[in-house]
Amino acid sequence: MSKLIPTIGLEIHAQVNSKSKMFCACTSDNFGKEPNTAVCPVCMAFPGALPMPNKAAIEKAIRAALAIGCHIPEHSKFDRKNYFYPDLPPGFQISQFDEPISEDGEVHYEVNGEEKVCRITRLHLENDAGKLIHQGGNSFCDFNRAGVPLMEIVTEPDIKSPEEASAFAQELARILQFVNSSECDMFKGMMRFDASVSLREKEDDPLTPRAEIKNLNSFRALESAIHYEINRQTKAWEENGGPPEKESTVGWVDDLGETKFLRWKESAADYRYFPEPDIPPIVATKEWVDELKKEVVELPLARRKRYEEKLGLSKSDAHLLVDNPKLCLFYEEVAEKSGDPKKAANWILSEVLGRMKEGMTVKELNFSADNLAELIRIIDEGKISGKQAKEVLDIMWVEGGSPDTIVKDRGMEQVSDTGELEKIIDQILETEQGKDAVETYKSGRKQALGFVVGQVMKETKGSANPKMVNEILMKKIG
Ligand code: ZN
Ligand code: MN
């Protein structure tokens, strides 16, 4: 039998990084909080409590939608998606059914250096459910997450391999972070994936019934689960002589590294969608959308290209920066303010990133982009050496503050005064050892001058500008 072609589509849920929940004023930032302390009558669906849409969350969703090339219809609305689950207080989710906030986009991404495109069906807004916690034979509900805004992003079935799925999902996460619509912190469950997988014999054959893998919460799980599912479906196809008859929903068991059958798939009719009567439709005026369009910053793919082609960064440096959107935006500031994009990249990728512990964010740094730019400038001006700059950064790391002040307060300034350096050099050249060193140098042993430079450093307690010492020496010896 000829090789079967996998067809993959994704549904991504990304938490909007708005301060409050989708339809009430409760905080969205509830990670690690005592259960049921970030709730109110609205998100608990008490009788009579009415939802009020969060404008900031809607704007963030529109900005994300624009970044992935979606069209924003003038009218969209919220709908009730009815289903029963203990962590869903009202017995329905407020989502968007037939008139989502955005449609028809595409994301360009790279797999092993090759550019691919995945079409986006839609991005819509909805609220999250709470969480069930199973402990010692009991189940508990924590509603802190209930009502937190989510963007649901649905792709067309354009993805052909587990590797593509993972690369696409990572690029999407970067885009959402760059436009400041989601933090996409996988560890905190801010981004989750459902992957639909089916097989075909030929590219233009109609789609066969898919299996949807639910709730994958890491890029690694996404890739492994799709791998497993393709193999499982291939075996089933060979045994049954064709594709499955019905669509199914499966779960990923991470410990076992396999998917398991959950149920035959629900259809839209099972959810009995109807328009949410308590929320008026969203009207996206052209002026509003145009304003939000201005806030869509340069996308990762374009950024990587510009770093390589215009700023002269290496491919790996460009990738490292763009892979970390918050650090990358910090880099942009340092590059601009220092006027030296290459040095800014070196300092951030080797010294700053090297000092950052796992999980630390740019926000937690004790110094600003201004401070780091200033550090780079005073090295360029010869005020301090590269070695001293690392010491200054160590101090900034702990105490914060301006490198200029640190250098002055601690008397770290390099001696760049030619007159003073000349005097010291003359003195050393007068000594026996100094004379010997020059003789040896002139007889062809270039490294003999190292002795003189070493003595100057000793005299100035390491604060002489080495470049200048060398220049003066060369002039004197000829
Ligand atoms: Zn609430
Ligand atoms: Mn959803």
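The values are calculated or read from the model by the stated rules, or taken from the named source; none is laboratory data. Remember, it's a predicted structure, so these values are computed and weren't measured experimentally. Cβ atoms come from the backbone with ideal geometry, glycine included; neighbour counts cover every protein chain shown.
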Do the conditions hold for Glu308, that is, is it closer than 30 Å to Asp340 by Cα, under 21 Å from the mean Cα position of the chain (by Cα) and not polar (S, T, N, Q)? yes
Considering Glu114, Glu163, Glu156, Glu103, which residue is away from ligand 1 (no atom under 16 Å from the Cβ) and modelled with pLDDT under 95? Glu114
Of everything in segment 1-27 that's of a type in the set (S, T, N, Q) and either within 16 Å of ligand 2 (Cβ to nearest atom) or modelled with pLDDT under 95 (or both), which residue is farthest from Ser182 (Cα to Cα)? Ser2
How many residues, within segment 24-56, are under 21 Å from Lys131 (Cα atoms), charged (D, E, K, R) and surrounded by fewer than 14 Cβ atoms within 10 Å (Cβ to Cβ)? 2
Within segment 281-322, residues of a type in the set (Asp, Glu) and surrounded by fewer than 19 Cβ atoms within 10 Å (Cβ to Cβ) come out as Glu287, Asp290, Glu291, Glu295, Glu298, Glu308, Glu309
Could you check, for segment 155-165, whether at least one of its residues is surrounded by fewer than 23 Cβ atoms within 10 Å (Cβ to Cβ), polar (S, T, N, Q) and over 16 Å from the mean Cα position of the chain (by Cα)? yes
Subset of segment 216-247 [crowded, with 17+ Cβ neighbours inside 10 Å and over 18 Å from Asp194 (Cβ atoms)]: Trp237, Pro243
Residues being in contact (Cβ under 8 Å) with a residue 60 or more places away in the chain, within 16 Å of ligand 2 (Cβ to nearest atom) and not in a loop (DSSP other than H, G, I, E, B): count how many of those fall in segment 125-136. 3
Filtered residue count, segment 273-328, keeping only those that are polar (S, T, N, Q), in contact (Cβ under 8 Å) with a residue 40 or more places away in the chain and either in contact with a Gly (Cβ under 7 Å, 6 or more places away or on another chain) or assigned to a helix (DSSP H, G or I) (or both): 0
Report yes if some residue within segment 59-75 is more than 16 Å from ligand 2 (Cβ to nearest atom), at positive phi and modelled with pLDDT under 95; otherwise report no. no
Filtered residues of segment 89-115 (kept if more than 16 Å from ligand 2 (Cβ to nearest atom), surrounded by fewer than 18 Cβ atoms within 10 Å (Cβ to Cβ) and not small (Gly, Ala, Ser)): Asp104, Glu106, His108, Glu110, Val111, Asn112, Glu114, Glu115
Please work out if Lys55 is touching a residue at least 12 places away in the same chain (Cβ under 8 Å), away from ligand 2 (no atom under 16 Å from the Cβ) and of a type in the set (D, E, K, R). no
Filter result for Pro90 (part of a loop (DSSP other than H, G, I, E, B) and closer than 20 Å to Phe23 by Cβ): yes
Quickly run through segment 357-377 and pick out the residues that are modelled with pLDDT under 90, closer than 15 Å to Trp397 by Cβ and not in a helix (DSSP H, G or I). Lys357, Met360, Thr361
Lone qualifier among Gly9, Gly48, Gly32 - being more than 16 Å from ligand 1 (Cβ to nearest atom), part of a loop (DSSP other than H, G, I, E, B) and either under 23 Å from the mean Cα position of the chain (by Cα) or among the small types (Gly, Ala, Ser) (or both): Gly32
All-but-one check, Asp270 against (1) modelled with pLDDT of 95 or more; (2) over 32 Å from the mean Cα position of the chain (by Cα), failing number (1)
Which of the residues spanning segment 116-142 are of a type outside the set (A, V, I, L, M) and buried (at least 23 other Cβ atoms within 10 Å of the Cβ)? Cys118, His124, Asn127, Asp128, Gly130
